[in-house]
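The structure under discussion appears below in the form of structure tokens.
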Amino acid sequence: MSVAAFQRVAFVASATEDAQSALNQLSARYGNVAVDDADVVVALGGDGFMLQTLHRLLGRGIPIYGMNRGTIGFLMNDFHEDDLTQRLNNAEETVTHPLRMKAVDVDGQEHEALAINEVSLFRQTHQVAKISISIDSKMRMPELVADGVLVATPTGSTAYNLSAHGPIVPLGSPLVALTPLSPFRPRRWRGALLPDQAVIEFGVLNPDKRPVAAVADHNEIRRVSKVRVELDRNTPLVMLHDPGHSLDERILTEQFGF
């Protein structure tokens, strides 16, 4: 869709006072159509609300323009009430794709979920997790002893992945980050950068004694026995950012510590 076609705007907002106030101001000034009738959705809140909105609209191809009414706002544009139509028409488009997680629990039940930022495996008890890692059906690590492990998209590489000392992945790179969480053995293993067409399979070793949960963004499956992760190229995520403040630019800036 051409940005020139952005005529019908749907505003959505988090429950915070700042976001609700912005919703009322912008709706009165620009109108507010239903999401199903919109050319573009303007999300008012923080990064968490932006992720919720992206999940809500997964696969629909509707561009989402976030304005920060939260705390950090890494995924968001600055909030200004004026000139919104012009900002939308001048915005730069970023198209990304989520990870698809397929998990099997210890009872044999299958679960699927999509992750925009990362898929993470976490130990559920005081005992460390023991996890095997296969890439494209080839065993690469028979036993990782750690608190867990995650797979991050470029979009999510500056989130939990970065806090876990994983690499920042430039947007548009055909890569995903595989990062251990507090690894005990191999002690010096810091993870890997993998082609984004790779199929990553985790096996939970001794899941009854050492239970592990799998989390796709905010969707948690407990007591898993195996987890498969791959990029879902059939599900587009379309985000809009002001010129000079694109997600590419913000990720690049993060790499230099700002």
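Before moving on, here are some points about what is shown:
- Surface per residue (accessible, 1.4 Å probe) for region 1-105, Å²: 46
- Contact order, relative form, for region 136-258: 22 percent (alpha carbon pairs under 8 Å, 6 or more residues apart, mean separation divided by residue count).
- Whole-percent carbon and sulfur share, accessible surface of region 1-98, 1.4 Å: 44
- Comparing Ala164, Val224, Pro211 along the charge dipole axis of region 159-227, the residue lying farthest to the positive side is Pro211, per the Cβ-charge model.
- Each Lys and Arg contributes +1 and each Asp and Glu -1, all at the Cβ; summed about the Cα centre of the chain, the dipole is approximately 1300 debye.
- Mean accessible surface per residue for region 164-250, computed with a 1.4 Å probe while every protein chain stays in place, in Å²: 49
- When region 1-146 is described by a simple charge dipole with +1 on each Lys and Arg Cβ and -1 on each Asp and Glu Cβ, the residue from Gly66, Leu51, Pro142 located farthest towards its positive end is Pro142.
- Percent carbon-and-sulfur accessible area, region 140-258, ignoring ligands, DNA and RNA, probe 1.4 Å: 52
- Using C-alpha pairs below 8 Å separated by at least 6 residues, the relative contact order for the chain is 21 percent.
The values are calculated or read from the model by the stated rules, or taken from the named source; none is laboratory data. As the structure is a prediction and not an experimental result, all values here were calculated from the model. Note that each Cβ is placed from the backbone with ideal geometry, even for glycine, and that neighbours are counted across all protein chains shown. Note: accessible area is taken over every heavy atom of the protein model, side chains too, but ligands, DNA and RNA are not part of it. Shrake-Rupley method; radii C 1.70, N 1.55, O 1.52, S 1.80 Å.
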